[in-house]
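Inspection log for the structure reproduced underneath, given as structure tokens.
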Amino acid sequence: MHIHNTIWQYDDLHQLRNYPYLKALNITRTLSDHGYPNGYDIEILLSRYSAGSTKDLQLVFIGAVDIHISQQAGLFGLFVTIEDVADRQLEEMKFRVVEQEEGVFCFYCKAFTASLVEPT
């Protein structure tokens, strides 16, 4: 049930394309307690880029693997979807994240959070 609540929270915050513009994409390699590679954490910051916009949408993905990022340039609207794949037995991966409009990125992750933050 926790998985679906996270996706619903994202859907509520995202409100179907209210935050379409990619402001930042940061990837950090993580290590286990024993120093072995443990995947990546990905932070995506989406913005409205409109007058009166007071918040950005921050998405943080934990334990990301199979990461694909294209070299798109320009200011275009993105549409990020997050799919529950927990029942597919993908070695602890619970979500598939895909940018649907321009194919900017896709990956799998163990967990994620979605929150509205002050613009930086």
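Just order 30-40, 83-93, 55-65, 109-119 by mean Cβ neighbour count inside 10 Å, highest at the front, would you?
Details: 30-40: 11.1, 83-93: 12.6, 55-65: 19.3, 109-119: 15.7.
Answer by packing, highest mean first, reads 55-65, 109-119, 83-93, 30-40.
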Worksheet item: Short version: ³J(HN,Hα) in whole Hz for each residue of segment 55-60, in order, from phi by Karplus 6.51 cos²θ - 1.76 cosθ + 1.60 (θ = phi - 60°), x for Gly and Pro, what are they?
Response: 9, 10, 9, 9, 10, 10
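Can you give the FRET efficiency for Ala86 and Lys55, using 1/(1 + (r/R0)^6), R0 = 30 Å, r = Cβ-Cβ distance, to the nearest 0.05?
Details: r = 29 Å, r/R0 = 0.97.
My answer for the efficiency is 0.55.
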Worksheet item: Taking Lys110 as the anchor, which lysines have their alpha carbon closer than 24 Å to its alpha carbon, excluding any fewer than eight residues away along the same chain?
Response: Lys23, Lys94
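Each reported figure results from applying straightforward, stated rules to the coordinates on display, with no laboratory input. Just so you know, these numbers come straight off a predicted model, no measurement behind them. For neighbour counting, all protein chains shown are included, and Cβ atoms are generated from backbone atoms with ideal geometry for every residue, glycine included.
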